[in-house]
Amino acid sequence: MISLLRGTVHKGDTQEITIDVNGVGYAVSTPIDVWDNLKEGEEQELQIKTYVREDRFDLFGFLDKTSKLLFEEAIDLPGIGPKTALEICAVPRNLLLTAIEQEDAKLLSSIKGVGKKTAEKLLVDLQSLTEKHPQIFAKERKEMTGTTAHFDQDAIDALKALGYDTATALHALKGTPEEAKTSEERVAAALRAL
C-alpha cells in the first residue's frame, strides 16, 4: 500500500493532482482546501490513503495525518463513500467541531452528498469519533474562539444558491474579515475572494 508520496505537484481538475515522484506520475484526489493550497510545480509531501475495491484503485492525499485519519474513519461509515468523505475533510475542522458540540445536524446536511438523514447519522458517528480519536480535533479545540461566526448557515445557503459547492463556500467564508458581521457582508466578502 502507498502511504506517503513526495514529489512535484501538477494540478489537474479541481481536487485532482498528479504528483511526479522521480518520473512516475501518481493520480491523487484531494479535498478542495488541500488542492487550493498546493502550488503547481512545487515539491510536496502528501499523506496517502490507498483505496482498493474490486473495480477501483484510488489514491487520496492529505497534508497531515489527522486529515488522513478523518478520511479513513469517514469512509468506514455506512452510506459514506470516498467522494463524500473528501467533502467532509474539506469542511474546516472547527466547523465540524461546532456541529458536533452543538449537535447541529443541519450544518452537516450542507455538505455535498449528505442529506438530512445521513447528516443525523453522521453527527452521531462524528461524536463517537471525537472520543475514539481526540487528536483529530485537538488543535481546533485549543483555537476555537469566535471564528465560527463566519460560518453562519444563511451565508452558506446563499453561496450554494449561487452555484458554489459547500466545500468552496466554506473555504471562501473562512477568509472573511472580522468586520463582516452580517450574512450579507460575509457573502459579499466571500464572493470577492472567489
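Read the figures in this text as sums done on the coordinates, not as results from a lab. Everything quoted here is computed from the prediction, not taken from an experiment. Neighbour counts run over all protein chains shown; Cβ positions are idealised from the backbone, glycine included.
Worth a mention:
- The calculated FRET efficiency for ASP76 paired with GLU101, based on their beta-carbon distance and R0 = 25 Å, is about 0.65.
- Each of (1) 16.8, 51; (2) 16.1, 57; (3) 15.7, 50 is a candidate for Rg and Dmax of the Cα atoms in Å; the one calculated from this structure is (1).
- Highest-MSF residue in the chain out of THR168, THR14, THR176 [GNM, Cα springs under 10 Å]: THR14
- Relative contact order of the stretch 1-114, pairs being alpha-carbon contacts under 8 Å that are 6 or more residues apart, as %: 20
- About its Cα centre, the dipole of the chain is roughly 200 debye, where the only charges are +1 on Lys and Arg Cβ and -1 on Asp and Glu Cβ.
- Modelled FRET efficiency - R0 35 Å, ASP36 with GLU120, Cβ distances, 0.05 increments: 0.75
- In this rough spin-label picture, where each label sits 7 Å from Cα along the Cβ direction, the GLU178-THR18 distance is 4.5 nm.
- log10 of Debye I(q)/I(0), alpha-carbon scatterers only, for the stretch 12-53 at 0.14, 0.24, 0.31 Å⁻¹: -0.31, -0.91, -1.39
- Label-reachable residues, the stretch 25-46, where backbone N falls under 16 Å from a point 7 Å from PHE57's Cα toward its Cβ: 25-29
- Cβ-placed point charges (K, R +1; D, E -1), dipole of the stretch 65-143 about Cα centre in debye, nearest 20: 220
- Those GluC sites (Glu not before Pro) in the stretch 7-115 that DSSP places in a loop and that have at most 15 other beta carbons within 10 Å: GLU40, GLU42, GLU54, GLU103
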